[in-house]
Each structure stands twice: as C-alpha cells, then as structure tokens.
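S.K.: Mind having a look at this structure? Questions to follow.
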Amino acid sequence: MTLAAAFGLGLAATIFALQGDPGFNAVKLGPWLLWPRLGSADIDPYARAWLALDGAAPLGAGEGLSFVAREDQNGAKLDSRCDYIIAGATPSARVWTLTAYDVNGRLRPNPAGRYGLISTRLLRSGDGAFVIEAAREARPGNWLPLGQKSRFVLIFRAYDANASATTSGFEGLAMPSITRGACS
C-alpha cells in the first residue's frame, strides 16, 4: 500500500512538473520568456522530459533563440479580442519570425491563412523601424492575424542571432514591446 501511494504521488508530482513551461533557467525580457538551454547539451532533466512529452524540436544552441510571450507589457494575458502593437528593437539576427499560436502550441486558424511574419518581408520606415499590428480584423501594413479563439501566445524566433544559448548574458538584449490597444 505504501509503495503504491509513493508511486502514485511520484507520478502525480512528475505530471505536475511537466505542465506549463519547459524546465528551469528562464530568462525574462519584458513580456518575453527565453529558455536558453532548451536546445543545448546541458538541458535540465525537466526540460528534456517536457520536450519529450510536447514533441517540440527546439532550435539548437548555435542556431538561434526562441522567445515566448503570453502577456503584454503590463502583464495582462494576450487575448485576441484586443488589438496589439508590436514594435521596437529586436536582437541582432540574420532573420527573425513572429508567429501567433494558441495556448496549446498550435497555429491559430484565421481567414487570411497567414500564421506569422518574417523580418525580411516587413514594411519599415526610413530608419528601419517597424510596427506590427496583431488583431482579428485586417490592418494595413504589417498585420498579424489572430483568429477567433481568445487566448494566444506569440513566439519570436531569432535565427543566427549574435546572442545565442552559448552566450551567458542576456541583460540588455533588445526585444519588441507588446502594447495592448482597443478591446471588443
């Protein structure tokens, strides 16, 4: 009986530990979270188990960085009933992408059939700055469709970035802001 209880508690604790974020050592930059060791050889055992359970294939340590945002600049959960402005500096990288996913990590269906944006195809001002509008309804310029489900996450992937999982310092790394606009 004691052995069965211990096994049950251990299994329940493991399942609980694998819910949510992938392991330890997250770096927070504004609303963005980064787990720099996910694609490296020194990944922690909880993150390794999370990857096995999720089936995700992270970027390798030298390939780039993957950031997740579940909230805006003020800490409010991202909700597609609201519009968002994503703008500002980005990490120095050969190319980056910004994609909207549902909270289960699936692409969000939307009428435009467009699931993300790539840095090389953005409209920019004369000084190279960009503004992305994330909303349900179409917008002129750089529009990221959000679809109808309310909760979502943003994934920002910087490929061949100057900062990588093999570097140790992420303080001062520039990430775009996520500012909530009007909500319906």
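S.K.: Please specify each residue of region 119-137 satisfying the condition of being over 22 Å from the mean Cα position of the chain (by Cα) and among the small types (Gly, Ala, Ser).
M.R.: Selection gives Ser125, Gly126, Gly128.
S.K.: Asn104 passes all but one of (1) in contact with a helix residue (DSSP H, G or I) (Cβ under 9 Å, 6 or more places away or on another chain); (2) surrounded by fewer than 11 Cβ atoms within 10 Å (Cβ to Cβ); (3) polar (S, T, N, Q); which number fails?
M.R.: Condition not satisfied by Asn104: (1).
S.K.: Determine, yes or no, whether Val95 is part of a loop (DSSP other than H, G, I, E, B) and surrounded by fewer than 16 Cβ atoms within 10 Å (Cβ to Cβ). Steps first, answer last, please.
M.R.: Numbers: part of a loop (DSSP other than H, G, I, E, B): no; surrounded by fewer than 16 Cβ atoms within 10 Å (Cβ to Cβ): yes.
No, not satisfied.
S.K.: Anything in region 82-115 that is more than 22 Å from Pro36 (Cα to Cα) and at pLDDT 95 or above? List them, or say none.
M.R.: Cys82, Asp83, Tyr84, Ile85, Ile86, Ala87
S.K.: Among the residues of region 122-158, how many are among the hydroxyl-bearing types (Ser, Thr, Tyr) and in contact (Cβ under 8 Å) with a residue 24 or more places away in the chain?
M.R.: Residues of region 122-158 that are among the hydroxyl-bearing types (Ser, Thr, Tyr), as a first pass: 125, 150.
Those left that are additionally in contact (Cβ under 8 Å) with a residue 24 or more places away in the chain: 150.
Looking only at that region, the number is 1.
The values are calculated or read from the model by the stated rules, or taken from the named source; none is laboratory data. Predicted, not measured: the structure shown is a model, and the values here were computed from it. Don't worry about glycine lacking a Cβ; one is built from the backbone with ideal geometry, like all the others, and counts go over all protein chains shown.
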